[in-house]
1. Ranked from highest to lowest mean number of other Cβ atoms within 10 Å per residue, what is the order of the peptides 115-124, 45-54, 75-84, 133-142?
2. Restricting things to alpha carbons, find the Rg to Rh ratio for the chain using the Kirkwood radius for Rh.
3. For 155, 164, what's the fewest-to-most ordering of other Cβ within 10 Å of each Cβ?
4. Which of rounded, prolate or oblate describes region 114-156 when judged by the alpha-carbon gyration tensor and an a/c cut-off of 1.5?
5. Over region 4-197, what is the mean sequence separation of C-alpha contacts under 8 Å (at least six apart), divided by residue count, expressed as relative contact order in percent?
6. Mind checking the angle between helix 4-23 and the chain's longest principal axis? C-alpha axes, 0 to 90 degrees, to the nearest 10.
7. Mind grabbing the base-10 log of I(q)/I(0) for region 98-198 at q = 0.13, 0.20, 0.21 Å⁻¹? Debye formula, identical points on the C-alpha positions, no solvent, two decimal places.
8. When the Debye formula is applied to the Cα atoms of region 144-184, each taken as the same point scatterer, what base-10 log of I(q)/I(0) results at q = 0.15, 0.24, 0.32 Å⁻¹?
């Protein structure tokens, strides 16, 4: 479901990309990553029999200054559990993360950088139950704007347009809906690649 935040976020990213490309001397960076997400929800481990599951995503970084970037990201986390019930029912959790914020880079060596980022997020949460005898039913949390923070390292491969990075990000997303009460944010630990586009 498209919200005002989605439209504002997409509009902001495309506006800055268009301005950057028009200037021609500026670059932008495409990002792809994957790793583990550790949900903060207290019931996740008991329900899904694991403390984490896979997350993946992509994004764009746009330089504002030599060490300051505007970032936009989209991440996907999904997990499924099979419940020990007479109906052989299953439960799935789907969370989508939209990030819009700033990233600062501090050089540690000529090729290694410390990266700190933070900003606003929008986290959609949907829980679906199904079984052989009952039609699929979904509960979706009210969409609200929260925040995220991240720290990591980036290694720029000399004489290329590629860098590799690893980071840890915390997303805050508190759900107050009656059906999905609790914390659905969490911590992700990922590795990924930056492609520098000139």
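We did not get these values from a lab; they are worked out from the coordinates using the rules stated. These figures come from a predicted structure and were not determined experimentally. Positions of Cβ are backbone-derived with ideal geometry, glycine not excepted, and every protein chain shown enters the neighbour counts.
1. Result, highest mean first: 115-124, 75-84, 45-54, 133-142.
2. A ratio of 1.04.
3. In increasing order of surrounding Cβ atoms, one gets 164, 155.
4. Verdict is oblate for region 114-156.
5. 20 percent
6. 20 degrees
7. Taking Cα atoms of region 98-198 as identical point scatterers yields -0.62, -1.00, -1.05.
8. -0.56, -0.82, -1.03
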